[in-house]
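**Student:** First the structure, which I've put down as structure tokens, then a few questions once you've had a look.
The values are calculated or read from the model by the stated rules, or taken from the named source; none is laboratory data. Computed from a predicted structure; not experimentally measured. Every residue, glycine as well, gets a Cβ built from its backbone with ideal geometry; the counts of neighbours run over all protein chains shown.
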Amino acid sequence: MQRKYKLVVVMIVSLFLIGGASIAIIKEVEHLRIERQNCQKAESIQESKKEVKEQAKARQKIALWVVQHYEGKEAIEKIGVSKIYTNGIFGSAGESVAVIINGKEKNIIDGIHLGDDHIPKEPGARFENSDYKYSNEPLLNKDLNGVDVYYWRGNNNGTNE
């Protein structure tokens, strides 16, 4: 009888020890998982900041190209550049962008095809009544001085999101 009680007590104590160890292991695994998620978030934020910087540089290149290839009666004071869109399957059709000059809807130029260096290669489509006309010969004496370049939340069909 005494032996049965000792055996039961040993079994109960063993169960408590095993249960406690299991809980400690589960908590440690959960802690590691949360720590890994935090690291992934930090990496994602870092990648996002890098992408934003690259997009800003690309917007500057695109805006300079627009200033040098489009001319009209009014000076270009601001250029809104949309998100750079990847076309085709996995970018097989290249990238394109839309711009709006001086904030006027009739001055939207859509589908400007970009090269690998984000410098436009083709002029894209514009409205017939646009204030600005495309010039095949770049006006290299023009730069972005006095031109406000900003991210325009337009989409690639010329409408605002």
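**Student:** Keeping to the range 61-89, report how many residues are of a type in the set (Lys, Arg) and not in a loop (DSSP other than H, G, I, E, B).
**Tutor:** Step one: list which residues in the range 61-89 are of a type in the set (Lys, Arg), which gives 61, 73, 78, 83.
Still in the list and also not in a loop (DSSP other than H, G, I, E, B): 61, 78.
Final tally of qualifying residues: 2.
**Student:** Tell me yes or no: at least one residue of the range 90-104 is under 18 Å from the mean Cα position of the chain (by Cα), assigned to a loop (DSSP other than H, G, I, E, B), at positive phi and modelled with pLDDT under 85.
**Tutor:** yes
**Student:** From Glu74, Glu30, Glu95, Glu35, which residue is touching a strand residue (DSSP E or B) at 6+ places or on another chain (Cβ under 7 Å) and of a type in the set (D, E, K, R)? Spell out the reasoning first.
**Tutor:** Values: Glu74 fails: touching a strand residue (DSSP E or B) at 6+ places or on another chain (Cβ under 7 Å); Glu30 fails: touching a strand residue (DSSP E or B) at 6+ places or on another chain (Cβ under 7 Å); Glu35 fails: touching a strand residue (DSSP E or B) at 6+ places or on another chain (Cβ under 7 Å).
Going through Glu74, Glu30, Glu95, Glu35 in turn, just one is touching a strand residue (DSSP E or B) at 6+ places or on another chain (Cβ under 7 Å) and of a type in the set (D, E, K, R): Glu95.
**Student:** I'm trying to understand the selection: among the residues of the range 33-72, which are under 17 Å from Val149 (Cα atoms), of a type outside the set (A, V, I, L, M) and without any contact (Cβ under 8 Å) to a residue 24 or more places away in the chain?
**Tutor:** Those that are under 17 Å from Val149 (Cα atoms), of a type outside the set (A, V, I, L, M) and without any contact (Cβ under 8 Å) to a residue 24 or more places away in the chain: Lys53, Glu54.
**Student:** Inspect all residues belonging to the range 44-58 and state whether any of them is among the basic types (Lys, Arg), in a loop (DSSP other than H, G, I, E, B) and surrounded by 10 or more Cβ atoms within 10 Å (Cβ to Cβ).
**Tutor:** Checked against the condition, which is being among the basic types (Lys, Arg), in a loop (DSSP other than H, G, I, E, B) and surrounded by 10 or more Cβ atoms within 10 Å (Cβ to Cβ), the range 44-58 yields no hits at all.
**Student:** Please work out which residue is surrounded by the fewest Cβ atoms within 10 Å (Cβ to Cβ), limiting yourself to the range 78-129 and to residues that are charged (D, E, K, R) and within 14 Å of Gln60 (Cα to Cα).
**Tutor:** Going residue by residue through the range 78-129, those that are charged (D, E, K, R) are 78, 83, 95, 104-106, 110, 116-117, 121-122, 126, 128.
Applying the additional criterion that residues be within 14 Å of Gln60 (Cα to Cα) yields 78, 83, 117.
Numbers: Lys78: 15, Lys83: 16, Asp117: 8.
By that ranking, first place goes to Asp117.
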